Every structure is written in C-alpha cells, then in structure tokens.
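Take a look at the structure set out below.
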Amino acid sequence: AQSVAQPEDQVNVAEGNPLTVKCTYSVSGNPYLFWYVQYPNRGLQFLLKYITGDNLVKGSYGFEAEFNKSQTSFHLKKPSALVSDSALYFCAVRGNNFNKFYFGSGTKLNVKP
Amino acid sequence: IAGITQAPTSQILAAGRRMTLRCTQDMRHNAMYWYRQDLGLGLRLIHYSNTAGTTGKGEVPDGYSVSRANTDDFPLTLASAVPSQTSVYFCASSDQAGELFFGEGSRLTVL
C-alpha cells in the first residue's frame with residue numbers, strides 16, 4: 001500500500017534560518033514524490049517533484065528536496081526562510097496506479113520575523 | 001489562464017439534500033480527481049477518472065458519485081448530504097509529467 005507520513009504538524013523557524021519539513025513514504029516500486037504548498041483559502045500549488053535522477057531536486061521559490069531511498073524520505077528544505085513562506089505544506093506520492101496520488105496530513109510552517 | 005474552475009466556492013446545505021459540485025478544466029488533461037480536505041487528515045481521494053468515460057473509487061468514496069462525460073468536466077454529487085461531509089473539496093487534474101493542478105476549492109457545510 002502507498003502512504004505518506006509527515007511527522008510534524010507544525011514547524012517554527014525564524015526568518016533567515018534554514019528550514020526542513022519532513023516526509024517519509026511507503027510505495028511499491030519506484031517512487032514518484034511531490035511537494036505542494038497551500039496558502040490560506042487557496043488550492044494547492046506544485047513546488048517540486050522527484051521521479052528519477054539527481055537525489056537533490058530544486059523547485060519553486062528557492063525550495064529543494066532531497067530524496068533518500070534507504071531512509072524512504074523526501075524532506076523539503078530551504079537555506080534561508082522568508083516570512084512569506086508561512087503556509088501549509090503537503091508531501092505526496094504517486095502510487096502503482098499511475099494516476100493515484102496519496103497525500104500526507106500536512107505541515108504548517110510558521111516563519112517569524 | 002483558468003486552469004481548474006470549481007463552483008460553488010461555498011455552500012451551506014441541509015442534511016438530506018442533494019448537491020453537485022462542479023469542476024471544469026481547460027488544460028485537456030486526461031486524469032481528474034476529487035479530494036476532500038479535513039483538519040489533521042490532509043487530502044483524501046474521493047474519486048478519480050483516468051480518462052473521459054471512466055471513473056474509479058478513491059480512499060473515501062461512500063456517499064459520493066462522479067461522472068466523466070467529456071474531458072473537461074468532472075462533477076461530484078452528494079446524493080443525500082450528511083454532516084460528516086462538511087469539508088473543503090478540491091478538484092484537480094494531472095498532466096503527463098504527473099503534476100497535479102488544483103482548483104481553489106469548494107467549502108461545503110452540511111447542517
């Protein structure tokens with residue numbers, strides 16, 4: 001069965017500091033992994049994805065994520081957080097059914113000035 | 001660029017009433033989805049459609065039905081709404097690269 005876990009409901013960081021939002025997954029076969037961001041009262045927006053290739057994936061707004069096969073993790077990172085990064089972040093995995101996506105429960109990121 | 005359009009944006013509904021949430025895309029994507037978002041539970045897949053004329057059940061399909069008569073439209077129907085269906089509903093489509101595109105959501109309250 002496919003599943004995604006985001007162990008932190010909330011992450012608090014100070015502006016300018018690095019941030020990490022954690023994600024672990026379980027999937028049969030090769031994983032297709034995604035990060036999405038949701039601002040208040042809005043739909044989800046695509047940030048980045050890993051399908052194959054380099055384990056470090058770069059995405060929108062300066063975010064990046066590192067795929068670690070041995071730890072089945074896909075943590076989202078940013079070297080220097082901005083207040084405007086405050087939002088809800090979702091990790092997702094695409095399952096064996098090519099078009100089925102499974103989402104984690106979300107992590108609220110709070111970046112304080 | 002419209003992308004995914006959902007309607008209504010918000011609705012209050014009496015229990016037992018029938019309700020259809022509309023979803024239209026202009027990107028010609030084959031795959032479309034309906035998710036519900038509840039606090040602490042993330043997004044859960046209700047129904048999906050890989051292509052026009054086909055539909056499939058997701059994680060939480062009970063109480064919901066969908067149809068896919070053409071590529072662009074993917075309505076979600078609650079035949080007889082119950083309070084546990086109070087949620088925010090998101091329609092999405094995906095392209096060949098596997099990226100999901102979401103609508104802005106429909107907030108449904110069932111009293």
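The values are calculated or read from the model by the stated rules, or taken from the named source; none is laboratory data. What you are looking at is a predicted structure, and each value in this text was computed from that prediction instead of being measured. Glycine also receives a Cβ, built like all others from the backbone with ideal geometry; neighbour counts cover every protein chain displayed. Just the protein is used for accessible areas: all its heavy atoms, side chains included, with ligands, DNA and RNA removed. Shrake-Rupley method; radii C 1.70, N 1.55, O 1.52, S 1.80 Å.
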| message | Only one of B:98, B:40 is part of a loop (DSSP other than H, G, I, E, B), at the interface with chain A (Cβ under 10 Å from one of its Cβ atoms), under 29 Å from residue A:50 (Cα atoms) and open to solvent by 40 Å² or more (accessible area, probe 1.4 Å). Can you tell me which? | response | B:40
| query | Among the residues of the range A:44-100, how many are outside any loop (DSSP other than H, G, I, E, B), of a type outside the set (A, V, I, L, M, F, W, C) and either touching a residue at least 40 places away in the same chain (Cβ under 8 Å) or closer than 16 Å to residue A:25 by Cβ (or both)? | reply | 11
| Selected residue (criterion: farthest from residue B:102 (Cα to Cα)) from residues of the range A:1-17 that are open to solvent by 30 Å² or more (accessible area, probe 1.4 Å) and in a strand (DSSP E or B) | A:14
| Taking the condition closer than 24 Å to residue A:94 by Cβ and within 12 Å of another protein chain (Cβ to nearest Cβ), does residue B:45 pass? | yes
| away from chain B (no Cβ under 14 Å) and over 13 Å from the mean Cα position of the chain (by Cα), is that true of residue A:17? | yes
| query | Given (1) over 10 Å from the mean Cα position of the chain (by Cα); (2) under 28 Å from residue B:88 (Cβ atoms), where does residue A:34 come up short, assuming only one miss? | reply | (1)
| query | Which condition breaks for residue B:81 when tested against (1) more than 8 Å from chain A (Cβ to nearest Cβ); (2) in a loop (DSSP other than H, G, I, E, B); (3) closer than 25 Å to residue A:50 by Cβ? | reply | (3)
| query | How about the range A:28-51: which of its residues are within 13 Å of another protein chain (Cβ to nearest Cβ), more than 26 Å from residue B:23 (Cβ to Cβ) and either in contact with a strand residue (DSSP E or B) (Cβ under 9 Å, 6 or more places away or on another chain) or among the small types (Gly, Ala, Ser) (or both)? | reply | A:31, A:50, A:51
| request: Restrict the check to the range A:18-39 and report whether at least one residue is open to solvent by 20 Å² or more (accessible area, probe 1.4 Å), of a type in the set (Lys, Arg) and touching a residue at least 24 places away in the same chain (Cβ under 8 Å). | output: yes
| query | Scanning for something open to solvent by 60 Å² or more (accessible area, probe 1.4 Å), under 28 Å from residue A:88 (Cα atoms) and outside any strand (DSSP E or B), does the range B:57-72 turn up at least one residue? | reply | yes
| message | Just to be sure before I move on: is residue A:111 more than 9 Å from chain B (Cβ to nearest Cβ), assigned to a strand (DSSP E or B), at pLDDT 95 or above and crowded, with 20+ Cβ neighbours inside 10 Å in the structure I sent? | response | yes
| field | Residue that is farthest from residue A:31 (Cα to Cα), among those in the range B:101-111 that are within 14 Å of another protein chain (Cβ to nearest Cβ) and open to solvent by less than 30 Å² (accessible area, probe 1.4 Å) | value | B:106
